[in-house]
Amino acid sequence: MGTKDKMPEGKPYVYDYSWDQWQEWVKENGESGFRAGQIFDWLYVKRISNFDEMTNLPKTLRDKLREQFDFVTLHEVAHYRSKDGTVKFLFELADKNAIETVVMKHNYGNSICVTTQVGCRIGCTFCASTLGGLKRNLTPGEIIAQVVKAQQLLDETGERVSSIVIMGIGEPFENYDAVMTFLRVMIHPKGLNIGQRHITVSTSGIVPNIYKFAEEETQINLAISIHAPNDALRSKLMPVNRRFPFADLIEACKFYVGKTGRRITFEYALMGGVNDQPEHAEELAQVLQSFPMAHVNLIPVNFVSERNFVRTPRNDIFTFQRILEKNKINATIRREQGSDIAAACGQLRAKHMESGAR
Ligand code: SF4
């Protein structure tokens with residue numbers, strides 16, 4: 001299936017093509033190979049947003065591009081700036097569907113959290129993004145456009161996007177091919193050239209694609225949203241666990257570590273009284289014993305009005321962390337960013353949908 005088949009309608013986007021696809025495209029269109037590099041440069045180094053600005057391309061080529069491609073329109077419906085510098089964008093796509101993108105400021109640079117699907121069908125019980133189900137996959141270009149847009153804004157202050165997390169709305173491994181094209185463009189030395197080790201893709205546990213990702217020979221980080229230390233509790237919190245049981249997930253993670261020699265980050269959202277008790281920490285530590293480099297990222301869950309979870313008290317968060325560390329599992333507590341602007345995944349979009357939009 002080509003990129004075009006994934007488009008909701010109309011032409012592909014200029015950002016939909018990887019470096020290799022541009023090489024093919026110029027060849028098929030009777031142009032010299034170096035034109036592909038020029039197009040890539042205009043898109044990702046100069047970051048123009050209109051074909052007429054590609055001034056070193058002949059007009060005939062610009063016309064051909066215009067006939068065959070569109071620029072992604074990310075219409076900014078709103079943006080919210082948190083006291084800590086986090087900026088959350090609510091964008092409307094060409095088909096009026098809404099997505100969220102978050103740009104966070106850290107002392108080591110700016111990171112961006114991108115969305116890969118409109119909605120999500122995974123159904124995690126603590127997540128607002130899944131409330132309306134899955135509308136559609138984003139194309140590679142629609143994912144890339146989020147980064148380009150953020151970079152264009154940062155260009156104004158001479159800053160750059162230095163890291164990417166694929167943890168926004170959607171399950172990236174259910175839109176695997178588009179996400180891989182996105183990643184190839186992000187890391188390409190002639191594109192945005194973002195260091196592979198500064199990119200993390202996070203999955204809820206789509207087991208076959210963990211095996212596939214292990215074979216991709218990248219240095220990109222993998223995070224697994226584990227959220228429970230056993231099969232029964234995980235199935236309650238994450239219906240995906242019924243499709244891909246806990247034991248199979250752990251097996252796939254072991255394969256990934258064996259194949260790549262890279263560590264995995266296990267994301268663990270703490271939900272008050274549900275999965276945050278000392279016995280859960282002990283059980284999780286046992287499960288992760290076979291991962292010598294495992295890292296656990298503890299995430300105190302945000303309140304979602306449609307769900308009934310309460311936050312884990314601070315002391316209990318620290319107790320949970322201590323138990324993991326006592327068992328030689330490295331554990332950090334995610335710093336909350338943008339909580340004053342509803343920055344948790346899907347919350348803005350959920351509000352936007354309540355107001356009658358898509
Ligand atoms: S947490 Fe991620 S995978 Fe789970 S429902 Fe939300 S968006 Fe989907």
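For the chain, the pair-distance distribution built from all alpha carbon pairs, in bins 10 Å wide starting at 0, is 5, 24, 33, 24, 10, 3, 0 percent.
Sort the range 3-68 into rounded, prolate or oblate with this rule: let a ≥ b ≥ c be the square roots of the eigenvalues of the Cα gyration tensor; rounded if a/c is under 1.5, and if a/c is not under 1.5, prolate when a/b is larger than b/c, oblate otherwise. It is rounded, given that a/c, with a ≥ b ≥ c, falls under 1.5.
Among R314, R160, which comes first, second and so on when ranked by fewest other beta-carbon atoms within 10 Å?
Values: R314 10, R160 14.
With the fewest neighbours first, R314, R160 line up as R314, R160.
The GluC sites (Glu not before Pro) of the range 4-89 meeting both criteria, a DSSP state outside H, G, I, E and B (loop) and at most 16 other C-beta atoms within 10 angstrom of the site's C-beta, are E9. Report, for the chain, the % of DSSP beta bridges that are antiparallel, rounded to 5. Of all bridge pairs located within the chain, approximately 45 percent are antiparallel.
Helix 34-44 and the longest principal axis of the C-alpha atoms of the chain enclose an angle of approximately 50°. Taking 21 Å as the limit for the C-alpha separation, the pairs K212/K328; K64/K190; K254/K328; K46/K190 exceed it in the case of K212/K328; K64/K190.
Using the number of other C-beta atoms within 10 angstrom as an exposure proxy, rank V185, V310, V72 with the fewest first.
So the residues, fewest neighbours to most, are V310, V72, V185.
Modelled label positions at Y80 and E325, each set 7 Å beyond Cα in the direction of Cβ, lie 3.2 nm from each other. Rounded to the nearest 10 degrees, the inclination of helix 59-68 to the longest alpha-carbon principal axis of the chain is 40 degrees. Residues S235, S129, S18, arranged from fewest to most other Cβ atoms within 10 angstrom of their Cβ, appear as S235, S18, S129.
Any read-out appearing in this document is the output of simple, stated calculations on the displayed coordinates, not a laboratory observation. Here the structure is a predicted model, which is why all the values come from computation and not from measurement. When we count neighbours, we look across all protein chains shown, and the Cβ atoms used for this are built from the backbone with ideal geometry, even at glycine.
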